[in-house]
Structure formats: C-alpha cells, structure tokens
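I have placed the structure first, in the form of structure tokens, so that the comments after it can refer back to it.
Bear in mind that the values in this text are calculations on the coordinates, not laboratory data. Being a predicted model, the structure only gives us computed values, none of them experimental. Virtual Cβ from ideal backbone geometry, glycine too; neighbours counted across all protein chains shown.
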There are 2 protein chains.
Amino acid sequence: MARPRKPLLSTDRIVTAASALVDAEGLAAVSTRRLAAELGVSGPSLYNHFRTKDEILEAVADATSAQVDLSMFDPDDDRDWRTSLHDWALAYRAVLTRHPHIVPVLAQGPGRRPAGLRLADAVFGAMVAAGWPPAQATRIGALMRYFIMGSALGSFARGFVDDEAAYDPADYPHLGQAHLLAERQEEIDEGAFETGLRALLDGLSIQYATLGD
Amino acid sequence: MARPRKPLLSTDRIVTAASALVDAEGLAAVSTRRLAAELGVSGPSLYNHFRTKDEILEAVADATSAQVDLSMFDPDDDRDWRTSLHDWALAYRAVLTRHPHIVPVLAQGPGRRPAGLRLADAVFGAMVAAGWPPAQATRIGALMRYFIMGSALGSFARGFVDDEAAYDPADYPHLGQAHLLAERQEEIDEGAFETGLRALLDGLSIQYATLGD
DNA sequence: ACCTGAACACCGTTCAAGT
DNA sequence: ACCTGAACACCGTTCAAGT
C-alpha cells in the first residue's frame, strides 16, 4: 500500500479511537498494535502522528479535561466562590466517572496539556478574584484536586470484595457488612463524595471568614 | 543448578526486593526478569512463590499498608474521633510519601489484603464507637481515602512544568507564577494537605454536632 | 509525507527437564 | 519442592523501502 493519496490517519482519529479503547477496556488494552488494528493500519503508522504511545495517552487525558465545564468561574457569572467550587467539583467528578481508566494519567497534573492548564487557571483565578490570597488559592486548587482525583481513581465501595468469607470477624470485627458495599457502589461513592465536598467547603468557609483578621 | 538444597527464594525476600525496586525506579521498572535478576535467579523462578506478577505487587502494597500506625484508634486510646482521624491521616500520608510509586495499587482499595482490611476495620470501628451512625462512618472512611490517596498519587506542585515559557499569559492569565511551584513542591503539597485536612475535619465536626437532631 | 514489513530488545507466563 | 532454559504470544520503537 505505502502512502495513500489521502492520509488514513489524523491525530484526531487516533485520539478518538484511543479514548474509546481506554473507556471500553482500560489502559492495559491500549497497545500500539491493537490501537492501530482498530484504525485499520499497522502499528508503526502511529509514529507518523505521535512521537510515543505516552503522547497519545496524554492527548486522551487532555481531551477528557476539555469536557469539564468551567463556566462557573467566568468573571460575569454571579456564583460565589463556594458555589463555583461546588458546581465545578460535581462537573469534574461526573466527567471522570464516565472515563475512570484515564484518571491515573490525569492525576499526574496538567503538565503541558492545554485543557489541564485552562482548568487550573480558571480555579486559581476565580479564588483570587473572590479574595483568597494567592498562596491560599494555590492550596485550594491542590486540595480540591486531591479529593476529586482520589474519588475517581478507584471506587471506595468496589475496593472491598463481594465475598462474605473474606471478612473473618476474628480479624476484622467491624467489617461484617463490608461484603455488601460493592452492590451499593454508586450510592456509597456518591454519598461519600457529597459528604466530603460539603465538609471541605464548610471548612474552607470558616477559614475564609477569618481572612481579614 | 536446578533445585538447591536450601531454597534461594522466599515470599519475603521477593517482596523486599520488589519494594526496593518499586521505590527506587517505579512500577514500570518491575519486570519479572529484572526482579529475578536482582535476586540472583531466573525469571520463571518467581512463579514457584507467587501465581502472577500482580500478586507480587499486591504483597508490596500490603507491606506498605502495614507500616501505617493505627494505635490512635485503639479503644483505650483517649483521643477523640477528630484527633484520631487527624493523626492517622498524617501517619498514612507520611508512609505514602515515602513509597509514592505503589500508591496506584493501594488506591484500588483493600481487596483481600490483610493490612488494608485491618486499616479499614480500625477507622470504621473507631468512628462507630465515637457515635457516628454506620452509614456516616462508611462515608468518612471513603472520603478520607479519597483525600489521602489523591494527595499521594501525584504531587500537585510537580504537576506543573518548571518552564516559564509553558504558561503563555494570553492563554493562562493567572498562571504567571506556576513555573515556581515545582521548586517549592514539598512546602506546597504539605500545606495543601494540612489545609484540606483541617477543612475536612472542621466540616465533619459541624455534621457531628447536628447528629442528635 | 505517510504508510509498510522486518527487526530489535524487551515483556508475562507455561512447561518439560533437572535434582 | 524449587530451580533452569526454551518457548509462546505478546510489547514499544526504529528504520529502510515504497509511493
């Protein structure tokens, strides 16, 4: 075949196919040969469009970041900092819940990824505009990322096996119900996220109230 | 050589070597061949002691969990729930900071790992003993894990590249100082963790105060 | 410029063979 | 029981060759 008159691949097509593969089968399923097969080309062809497989995954991660709504941080949006942060956290979590397998890549931080940087820029800018000192605004950006990424990296409920025999009462006297967690996964992880988010925002509000002192 | 009169390997020796390799060079450096070479044997020898490479990494993860002090949750320890949770969070983070590369494995939850289950049991048991309803105690265990794992999974500060040119003010108007984050990594991540932890505990204290209502 | 097959240096795991 | 080398079906990446 050699070179076709019209290119078979494009960075967009590759990222779309890689995203679908990551969502469907996880990071481990993405090999250059498998991804190329999915696109109807041979493995090495990908290297005409990306320098490494890692760059492809970075692009998938950035495409995911780009789906997170940031309009709550617009200067002319009239939500206060607390409400903005709350709405953004829910929007961010919703995107990550739809694409859990890419979270380990996203959790490494924005690096040079444009959508990741836009997100960090929006949060930091909005906190400073709301009156938080820059050092505190940085901390807020960091601690929100800890909490959101941590909640998306692995389900708490699914972290416990669905097998009553795994929880010997002699060893784990308080885990008698732990085998039931998995089947109520969504409810438990969502409830914990909401409880944690409220606690975080309540706590930050206390600190905000003492800013002038 | 074939079988020596005294076994060359043991599960302990393998886990110790694997932990050292993970700490020194990261998860990606752990291949069965490399690990075996480190132990002076050939690759397939490991399969006499573990069924898969994954089981080896699970054992490394559990050995890490086992390092986390849980004495603050002892029934006869006189710390209140808030202080216990605070002290435990610091102890947990300290361990993870020393072994960051294994965090992705730990973040998948305890599964069947004994030290992971003991940890979950201790937190849950102490919260119930302190008067939290079981459903709330579960949420606390989950949200604390989100926050602690998220903070350990990737440094916030090192998530930003150390290159002023990466932050075009036209694109990211508020990130003019972001290139300085990396060089103050420890201070920033620790400060964010402490701020977030205090906010979380302050927020939970508010909810605790309304429990009777 | 953009695709191909062949090749290199790796993987995890299985298995028969050795003691 | 516990080690070995050979083998299988994979990897990511490079490169010369094709149009």
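Observations on the structure shown:
- Shielding score for A:185-194, defined as the mean number of other chain Cβ atoms within 10 Å: 3
- The alpha-carbon of B:Lys53 sits under 20 angstrom from the alpha-carbon of none of the lysines, leaving out residues fewer than 8 places away in its chain.
- Rule-of-thumb Rg ratio for the stretch B:25-68 [Cα; 2.2 N^0.38 Å; N residues]: 1.20
- Cα lying deepest toward the dipole's positive end in the stretch A:68-209, options A:Gly125, A:Gly203, A:Leu153, charges on Cβ: A:Gly125
- Rounded to the nearest 20, the size of the Cβ-charge dipole of the stretch B:1-139 about its Cα centre is 780 debye, with Lys and Arg at +1 and Asp and Glu at -1.
- Sorted into 10 angstrom bins from 0, the C-alpha pair distances of chain A split as 7, 27, 26, 21, 14, 4, 1, 0 percent.
- Using a Gaussian network model of chain A in which every pair of alpha carbons under 10 angstrom is joined by a spring, one finds that among A:Leu119, A:Leu180, A:Leu46 the greatest mean-square fluctuation is at A:Leu180.
- Size-normalised alpha-carbon gyration radius of the stretch A:72-145, reference 2.2 N^0.38 Å: 1.11
- Calculated [θ] (222 nm, deg cm²/dmol) that DSSP helices of n ≥ 4 give over chain B, each run adding -39,500 (n - 2.57): -18000 deg cm²/dmol
- Note on the protein assembly as shown: the C-alpha convex hull projects to 26.5 nm² when averaged across all orientations.
- Placing +1 on each Lys and Arg Cβ and -1 on each Asp and Glu Cβ, with no other charges, gives the protein assembly as shown a dipole about its Cα centre of roughly 2120 debye.
- Residues B:Glu190 and A:Glu55, FRET efficiency given R0 of 22 Å [Cβ-Cβ distance, rounded to 0.05]: 0.10
- Partner shielding of A:170-179 amounts to 5, given as the average count of beta-carbon atoms from other chains within 10 Å of each residue beta-carbon.
- Once the chain from B:Leu27 to B:Thr11 is taken as fully extended at 0.36 nm per residue, the excess over their C-alpha distance is 3.9 nm.
- Taking all Cα pairs closer than 8 Å and separated by 6 or more residues, the relative contact order of the stretch B:68-209 comes to 22 percent.
- Stokes-Einstein D (µm²/s) once Rh is taken as the Kirkwood radius of the stretch A:159-203 over alpha-carbon pairs, at 10 °C in 1.306 mPa s: 133
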